[in-house]
Each structure stands twice: as C-alpha cells, then as structure tokens.
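Here's a structure for you.
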Amino acid sequence: MIDCRGLAARTELTDLRGVKGEMLLLRLPELRLTRPVRVLHPRWPVYVVPRSDGLFMVGATMIESDEGARISARSMLELLSAAYALHPAFGEAQIVEIGTGVRAAFPDNLPRLRRAGGVLYVNGLYRHGFLLAPALARRAAEVLLAGAHFPEVMHEDSRERRLA
C-alpha cells in the first residue's frame, strides 16, 4: 500500500509539519509581463507569475503553521508591497482571489520515502510537489516493484542523504 496523504499522515510520520503558503491573484490588464519575476524580499522570495487576461499570481509566503484557512494582514501587505515595488501599477490592481494552503514538510524540507510494515509513505514534498512528484513516484514504484533503495530520499539523517 502507498500512503501519500500529506499532513493527514502525521499520526504515523510524527516529524511531519505544516508550512502555510499564501497567494494573491490580481487583475491588472494594463500591465504586460512575459515571464515569472522573482522579487527579493526581506522575509521570503516573492514571485509574480503572469497569467492570461491580465491576471497575475503573487505568492511565496512560508509560515510555520498548520492553520491554512486565512491569510494574515502582514502577509497580504507584504505580498501587495512586493508587487507594487515591482511595478507601481499594481497599486490599482483588483484583488480577484486570496488563497492559502498548508504543505507537508519534514524538518529539513526534503521529501521522504519511508517503509513501515506493508506501507510505503511518500511525503514531505513541501513547496516542490509539482516538480518532484513525478520523480518521487518513479522511485516509489521501483521500491515496491523491484526492492530498490534510494538513500537520497530514504535515509532519515540528512547528512547521510547528502553523502549518498
């Protein structure tokens, strides 16, 4: 059996923690960006991703919290300030959507494959789930079907993982 429930697996994966992410979707038809832009920010790297129809996603908060239902005033101000610093026209943008979510992460923010009994836990992809999921799924299949071992995702000690 494969368990990839994210934070719902915390009863079995006790070192798993939640990291809250927040984003804004802004509408500003007057501005054209052709690619994502990273903005250096004192607390976290902020990115602005152009979408179609004058929409821009602004995001990248990382807050140690399991509460994912609301955005904090500070986060909203900092995301909006970063967008405004990128281009003052963002001061007139419409806020179309506010999104929050909690990502599952281990203490070193690296993903893990863990075996316990007949279960293979695939978890802790943190902010990189969309990028890492295909490679981690291939490794999980090789573990289950061929008995493979991948130290970079199966060692618990992060120093051993780096040396592997």
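The values are calculated or read from the model by the stated rules, or taken from the named source; none is laboratory data. These numbers come from a predicted model, not from an experiment. Cβ coordinates were reconstructed from backbone atoms using ideal geometry, including for glycine residues, and neighbour counts include every protein chain displayed. Areas reflect the complete protein model, heavy atoms only, side chains present, ligands, DNA and RNA absent. Shrake-Rupley method; radii C 1.70, N 1.55, O 1.52, S 1.80 Å.
Which pairs do you get when a residue that is under 10 Å from PHE56 (Cβ atoms) and at pLDDT 95 or above, found in the stretch 19-40, comes within reach of a residue that is part of a strand (DSSP E or B) and among the small types (Gly, Ala, Ser), reach meaning Cβ atoms under 8 angstrom, with the pair 6+ apart or on two chains?
LEU24/GLY59; LEU24/GLY99; LEU25/GLY99
Turning to a different aspect of this structure: Out of the residues in the stretch 22-48 that are open to solvent by 10 Å² or more (accessible area, probe 1.4 Å) and not in a loop (DSSP other than H, G, I, E, B), which is farthest from SER72 (Cα to Cα)?
This residue is VAL37.
Kindly list the number of the only condition in (1) of a type outside the set (D, E, K, R); (2) modelled with pLDDT of 90 or more; (3) open to solvent by less than 30 Å² (accessible area, probe 1.4 Å) that fails for ALA60.
(2)
Now for a different question. Within the stretch 63-164, which helices (runs of 4 or more DSSP H) (wholly inside it) include 3 or more residues that are surrounded by fewer than 17 Cβ atoms within 10 Å (Cβ to Cβ) and more than 18 Å from the chain's Cα centre (by Cα)?
Result: 73-86, 129-146, 158-163.
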